[in-house]
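The values are calculated or read from the model by the stated rules, or taken from the named source; none is laboratory data. Source: prediction; values computed, not measured. Note: ideal-geometry Cβ built from the backbone for every residue, glycine included; neighbour counts use all protein chains shown. Each accessible area value is taken on the protein alone, full model and side chains, heavy atoms only, with ligands, DNA and RNA left out. Shrake-Rupley method; radii C 1.70, N 1.55, O 1.52, S 1.80 Å.
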Amino acid sequence: MTDNDSIDARVPIIICEDVTVSFGDFQALKGISARVYEQEVVVIFGPSGSGKSTFIRTINRLEEHDGGRIVVDGIELNDDVGNLEQIRSEIGMVFQQFNLFPHLSVMRNITLAPQKVRGVPKQEAEEQAMELLERVGIPEQAQKFPTQLSGGQQQRVAIARALAMKPKIMLFDEPTSALDPEMIKEVLDVMGELAHSGMTMMIVTHEMGFAREVADRFLFFDEGLVVEEGTPEQIFTNPKEDRTKLFLSQIL
Amino acid sequence: MIQAAIAAGAGLIVFYLVVKALDLDLGYGFLSGPAGFNFSNQWLTNYDSNDSRLGAYGVGILNTVRLVAIGIVMTTVLGVLAGIARLSDNWLVSRVAMVYVETIRNTPLLIQIVIWYTVVLLQLPRIAEAINVFDVFYLSNRALALPYVSTGGNFGPWLIIVVVGAVAAIVLRSWLRRREERAGGTQHATAWALALFAVVSVVTFFLTGTPLEPDTPSLEISEVGLLSIIGGLQVSPEFAAVLLGLVIYTGAFIAEIVRSGIQALPRGQDEAAAALGLSGYQRMTLIILPQALRVIIPPLTNQYLNLTKNSSLAVAIAYPEIIWVGKTMINNIGHAVPLFVLIFATYLSLSLAISVVMNTFNRRVQLAGR
Ligand SMILES: Nc1ncnc2c1ncn2[C@@H]1O[C@H](COP(=O)(O)OP(=O)(O)O)[C@@H](O)[C@H]1O
Ligand SMILES: [Mg+2]
C-alpha cells in the first residue's frame, strides 16, 4: 500500500482490508486489501478466474466476504448492515451480460429504481431518464424493449439505468466483453466521458488502451490476490512482478 | 381461435351424444322424479330426498364446484410459497419444502385422500370427546366445527354498502397512486384505501344493526342426553379429506412449476435488481414473478384442470360430488348412459371455464413487455 501514502490526505470511499471470499472449500479471494478514493478510477485486470468479478461483487455485497473488512462510504458491510438496499442504491453496477429487465421498456428500466427506491415522482424520473439516454446517445430508443436493441445500445441503457440512482460509485464488470467488436467503442466512449466527469469508478476490463487512458490506478489480480498495484505509467513501462509482465505480454 | 374451435367441437360431440341418448329413449325425463336419497354434505342448499333428481345433481355440482374453487385458491397459495421456499437460502426451509414436494408428488393421490380420511380425520375423537381448541374450534370424527358468521336481517343492504365502499377504496387507491407518481414520495395509497374501506364497513355495520353475528360452534347436550356440536361452520371429514388431499397434492406440482419458472430466469435479473437497491420483496414482485409468470401460467392452468378432474376421486370416500350422485342414481334406477354424458359435460364445462379465465390472464401477462 506504499503507493497510497502520497495521496492519503484524500478520503477513501472504499476500504478493503484483508478480504477473503470462499465458495465451499475453494477460496476465491485470499486476502485483498485496497482503497478507492473519491473521483478515482481504478482498473482491475488479470487472468480469468483470478477473482476480479468476485471482488467487485463483494463491494455491493452480491457476494459475502467471510474474512477481513469492507467499508463503503463510512459504513462497514457485515451481517448487521441493516440498510443494505440503501448502500446498494449508492453503488451503480454494470454487468457483462447487461441484465436489463426484458419485460420493461427502456424508459421503465431506468425509472423503476428511482421511483421505487428513492420515491422520485414519475415525471421527474422520466425527464431524468431522457437526459441520461441523451448522455449515452440513444434518446430515440426510450419506448423500445431491451431485446429490440443492439448489444452496445443495451449496455448503454444499463449504464443509464445505474446512473439514474445518482450513485457515488460505479462498478463495471467486463462491460464490453459480451459485445461485438464494432460496438465496444460506443460503450467505452460513454465510460470515458463518465470518468472525466469525476465519477468514482472500479472497472474490470481487458481493454488496456482504454484503461490506460482513464485509469488513475491499476490492480493486477492473480489467484485471488492483488499481485501488483500501480499507476498506468508504472504498470505499462515498468511492471515489478514477473506475473504482471507475463500477463501483459499475453494480452497486449 | 383454436380454443373456440375445440370448444365448439366438444360441444358438438356432447350434443351428438345427448341426441343419441334421446334417440335410444335414454332421455333425461327420469331427472324430474324424486331422488330418494339425501346428502350428508350440503352447501347453500336445503335438499330433501323427495326433491327431484335434477336437484340432487345440482347439489352434486355445488359440492364439486366448492371443492374445486376452494381447492384452487388454497393450492395456489401453498404451491407458490413452497416453490419460493425451495429456493430459500435457509437450509431448513428449502429442505422442508423439498421433502414435501418429493414425497407428495411421488405417491398416488387416491391413497393420500384415503389416508387423510381414515388415518387422520376419522381417528379424531367422537363428538363427546371432541378436541376443543380455545372454545372456538371443535374437532371430532363427525365434523370439524370452525367459527363462522351468521347473517342478520340487514345483511343484504349492508353487503351492497360494503361493495360500494370497496369500489370507492379502489378508486381512492389508484388516485393516490397517480398522485404518488406525479408528486413522488409515498402517499400511503394502500393504507388510506384500507382505512376508508374499514371505516365505511365498520360504521355501517353498526348503523344497520350488526347484520353479521359471530357464530361459534358449541357443544350441547340434548334432552335425551345426546351430545352434539351446533353452530359454526361444520366441515365434514369427507370434504376436509378430499380438500386436503387435492390441495397438498396439487400444491407439490405447482411448487415445482414455480421453482423452475423462477430458476429459468438468468441469475443476473435478481442481481441487477438487487444492485439497484430494490428490496427482496420488490425484486420478487416487480422483476422475478412478472417474468416467471409467463412460464408458469400455462402449466399452472394444467394443474388447475388436473385438480378439477382429480376431484372425482372424492367418490372413494363417498363425498357427494357429481360422480357420487351419478353413481348412486345408477345404482337406484339405472340410466347410466345419460348420466355419464351429463357428468362428462359438467367436467368439460368446468374445465373450459377455467381455461378461458386462465388464458385471458395469460394473454395479459404475455402482452406486458416483450
Ligand atoms: N458462485 C460461485 N461458486 C463457486 N465458485 C465460484 C463462484 N463464483 C466464482 N467462483 C470461482 O471463483 C474464482 C474466481 O472467479 P471470478 O471472480 O469470476 O474470476 P474472474 O472474474 O477474475 O474471471 C473462479 O475459480 C471461479 O470458478
Ligand atoms: Mg469475471
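For B:N306, state whether it is open to solvent by 40 Å² or more (accessible area, probe 1.4 Å), in a helix (DSSP H, G or I) and within 18 Å of B:G60 (Cα to Cα). Outline the logic, then answer.
Numbers: open to solvent by 40 Å² or more (accessible area, probe 1.4 Å): yes; in a helix (DSSP H, G or I): yes; within 18 Å of B:G60 (Cα to Cα): no.
So B:N306 does not fit the description; no.
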Quiz item: Restricting segment A:17-27 to residues that are within 9 Å of ligand 1 (Cβ to nearest atom) and not polar (S, T, N, Q), which is nearest to A:M202 (Cα to Cα)?
Solution: A:V21
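How many residues are away from chain A (no Cβ under 11 Å) and surrounded by fewer than 21 Cβ atoms within 10 Å (Cβ to Cβ) if we restrict to segment B:254-289?
So the count comes out to 5.
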Practice problem: Of all residues in segment A:224-235, count the ones that are open to solvent by less than 40 Å² (accessible area, probe 1.4 Å) and either away from ligand 1 (no atom under 15 Å from the Cβ) or not hydrophobic (A, V, I, L, M, F, W, C) (or both). | Solution: 6
Quiz item: Counting only residues that are in a loop (DSSP other than H, G, I, E, B) and within 14 Å of chain A (Cβ to nearest Cβ), which one in segment B:184-216 is least open to solvent (accessible area, probe 1.4 Å)?
Solution: B:G184
Quiz item: What's the number of the condition A:L149 fails, among (1) touching a residue at least 12 places away in the same chain (Cβ under 8 Å); (2) in contact with a Ser or Thr (Cβ under 9 Å, 6 or more places away or on another chain)?
Solution: (2)
Quiz item: Taking segment A:28-47 as the region of interest, how many residues are within 9 Å of ligand 1 (Cβ to nearest atom) and either within 19 Å of A:V11 (Cα to Cα) or more than 17 Å from the chain's Cα centre (by Cα) (or both)?
Solution: 3
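Could you list all residues from segment A:170-205 that are away from ligand 2 (no atom under 16 Å from the Cβ), among the β-branched types (V, I, T) and either touching a Leu at 6+ places or on another chain (Cβ under 8 Å) or open to solvent by less than 10 Å² (accessible area, probe 1.4 Å) (or both)?
A:V187, A:T200, listed by residue number.
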Self-check item: Residue, farthest from A:A28 (Cα to Cα), within segment A:205-231, restricted to residues that are without any contact (Cβ under 8 Å) to a residue 40 or more places away in the chain and not in a strand (DSSP E or B)
Solution: A:E213
Self-check item: Criterion (more than 21 Å from B:G277 (Cβ to Cβ) and either within 12 Å of another protein chain (Cβ to nearest Cβ) or more than 19 Å from the chain's Cα centre (by Cα) (or both)) met by exactly one of A:Q153, A:Q143
Solution: A:Q143
Exercise. With respect to A:P167, determine if the residue is farther than 23 Å from A:Q115 by Cα, buried (at least 21 other Cβ atoms within 10 Å of the Cβ) and either within 16 Å of ligand 1 (Cβ to nearest atom) or not small (G, A, S) (or both).
Key: no
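Would you point out the residue of segment A:126-178, among those that are part of a helix (DSSP H, G or I) and of a type in the set (D, E, K, R), that is farthest from A:D73 (Cα to Cα)?
A:E140
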Quiz prompt | Qualifying residue in segment A:55-66 (condition: more than 8 Å from ligand 1 (Cβ to nearest atom), closer than 22 Å to A:I169 by Cα, more than 14 Å from chain B (Cβ to nearest Cβ) and open to solvent by less than 40 Å² (accessible area, probe 1.4 Å)) | solution = yes
Exercise. For segment B:290-303, indicate whether the set of residues that are open to solvent by 20 Å² or more (accessible area, probe 1.4 Å), over 30 Å from A:L112 (Cα atoms), touching a helix residue (DSSP H, G or I) at 6+ places or on another chain (Cβ under 6 Å) and more than 14 Å from every other protein chain (Cβ to nearest Cβ) is non-empty.
Key: yes
Quiz item: Considering only helices (runs of 4 or more DSSP H) fully contained in segment A:42-121, which possess at least 2 residues that are within 16 Å of ligand 2 (Cβ to nearest atom)?
Solution: A:52-59
Self-check item: Close pairs (9 angstrom Cβ cut-off, 6 or more residues apart or separate chains): among the hydroxyl-bearing types (S, T, Y) in segment B:90-112, open to solvent by less than 80 Å² (accessible area, probe 1.4 Å) and outside any helix (DSSP H, G or I) anywhere
Solution: B:S94/B:L87; B:S94/B:S88
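Looking at segment A:79-93 only, could you name the residues that are more than 9 Å from chain B (Cβ to nearest Cβ) and open to solvent by less than 50 Å² (accessible area, probe 1.4 Å)? Reasoning before the result, please.
Of the residues in segment A:79-93, the ones more than 9 Å from chain B (Cβ to nearest Cβ) are A:79-83.
Correct list: A:V81 only.
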Quiz item: So how many residues does segment A:235-252 have that are farther than 18 Å from A:I32 by Cα and either assigned to a loop (DSSP other than H, G, I, E, B) or free of Cβ contacts under 8 Å to residues at least 12 places away in the same chain (or both)?
Solution: 10
Exercise. Sort out which residues of segment B:89-134 are aromatic (F, W, Y) and either at pLDDT 90 or above or crowded, with 16+ Cβ neighbours inside 10 Å (or both), and write them in order of number.
Key: B:W91, B:Y100, B:W116, B:Y117
Quiz item: Looking at A:F221, is it within 16 Å of ligand 2 (Cβ to nearest atom), surrounded by 15 or more Cβ atoms within 10 Å (Cβ to Cβ) and not basic (K, R)?
Solution: yes
Quiz prompt | Tally, over segment B:163-183, of residues that are more than 13 Å from B:F197 (Cβ to Cβ), surrounded by fewer than 14 Cβ atoms within 10 Å (Cβ to Cβ) and either more than 9 Å from chain A (Cβ to nearest Cβ) or touching a helix residue (DSSP H, G or I) at 6+ places or on another chain (Cβ under 7 Å) (or both) | solution = 2
Exercise. Tally the residues that are within 9 Å of chain B (Cβ to nearest Cβ) and in contact (Cβ under 8 Å) with a residue 24 or more places away in the chain, restricting the search to segment A:115-129.
Key: 3
Quiz item: Which residues, counting only those in segment A:94-111, are hydrophobic (A, V, I, L, M, F, W, C) and either facing another protein chain (nearest Cβ under 7 Å) or surrounded by fewer than 16 Cβ atoms within 10 Å (Cβ to Cβ) (or both)?
Solution: A:F95, A:F101, A:L104
Exercise. Pull up segment A:23-41, narrow it to residues that are surrounded by fewer than 17 Cβ atoms within 10 Å (Cβ to Cβ) and either within 16 Å of ligand 2 (Cβ to nearest atom) or in contact (Cβ under 8 Å) with a residue 12 or more places away in the chain (or both), then point me to the one that is nearest to the other protein chains (Cβ to nearest Cβ).
Key: A:F23
